[in-house]
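S.K.: Pasting in a structure now, in structure tokens, and then I'll have a few things to ask.
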Amino acid sequence: QVHLVESGGGLVQPGGSLRLSCAASRSIFSFNAMGWYHQAPGKQREWVATFTKGTNTNYADSVKGRFTISSDNAKNTVFLQMNSLKSEDTAVHYCRASTIVRNYWGQGTQVTVSS
């Protein structure tokens, strides 16, 4: 069984920054891809950013240039650095780890962008 634990969410003013962390219970090299998703109240969960084996990274258009996904392989941890935050970034942010047979999700961390 794989466990993913997100942290780093909180309340931040527009234009501010947060760094989310996702700690995996096993080596992140064992996954084909790891990514971040968010779900705003009343909306479906949406993809934010992914990196795949081989260090390819991809971002949703809404976060390009503002968010950066990275990893600390020794700590089995993936990060999402979020800069220039906007009110529309307010959502529960989830980490996902993917293998060829299934996806694993964390419990989510709340990000609220408000003045």
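S.K.: Do we find that LYS64 is open to solvent by 40 Å² or more (accessible area, probe 1.4 Å) and closer than 24 Å to THR112 by Cα in this structure?
M.R.: So LYS64 passes the test.
S.K.: Something else now. From the list LEU11, LEU20, which residue is in contact (Cβ under 8 Å) with a residue 12 or more places away in the chain and open to solvent by 60 Å² or more (accessible area, probe 1.4 Å)?
M.R.: LEU11
S.K.: Test VAL48 against the stated conditions and say whether it is out of contact with any Pro (no Cβ under 9 Å at 6 or more places or on another chain), open to solvent by less than 30 Å² (accessible area, probe 1.4 Å) and outside any strand (DSSP E or B).
M.R.: No; evaluated as a whole, the condition is false for this residue.
S.K.: Restricting to the stretch 51-71, name every residue that is at pLDDT below 95 and either in contact with a helix residue (DSSP H, G or I) (Cβ under 9 Å, 6 or more places away or on another chain) or in a helix (DSSP H, G or I) (or both).
M.R.: Within the stretch 51-71, LYS53, SER71 qualify.
S.K.: Determine whether ASP89 is open to solvent by 30 Å² or more (accessible area, probe 1.4 Å) and among the acidic types (Asp, Glu).
M.R.: Spelling it out, it is not the case that ASP89 is open to solvent by 30 Å² or more (accessible area, probe 1.4 Å) and among the acidic types (Asp, Glu).
S.K.: Pairs, please: C-beta under 6 Å, at least 6 apart or cross-chain, first residue closer than 10 Å to VAL12 by Cβ and in the stretch 84-95, second modelled with pLDDT of 95 or more and aliphatic (A, V, I, L, M)?
M.R.: Final answer for the pair search is LEU85/VAL12; LEU85/VAL113; ASP89/VAL113; THR90/VAL113.
S.K.: Hey, can you tell me all the residues within the stretch 86-115 that are under 27 Å from SER27 (Cα atoms), of a type in the set (S, T, N, Q) and not in a strand (DSSP E or B)?
M.R.: Matches in the stretch 86-115: THR99, GLN107.
Residue-wise test of (1) among the aromatic types (Phe, Trp, Tyr); (2) at pLDDT below 95; (3) part of a strand (DSSP E or B); (4) over 14 Å from VAL92 (Cβ atoms).
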residue	(1), (2), (3), (4)
LEU11	no, no, yes, no
GLY15	no, no, no, yes
CYS22	no, no, yes, no
TYR37	yes, no, yes, no
GLN44	no, no, no, no
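The values are calculated or read from the model by the stated rules, or taken from the named source; none is laboratory data. As the structure is a computational prediction, the values presented were derived from the model and not from experiment. Neighbour counts are summed over all protein chains in view; Cβ atoms, including those assigned to glycine, are modelled from backbone coordinates with ideal geometry. Surface accessibility is based on the protein's heavy atoms, side chains included, excluding ligands, DNA and RNA. Shrake-Rupley method; radii C 1.70, N 1.55, O 1.52, S 1.80 Å.
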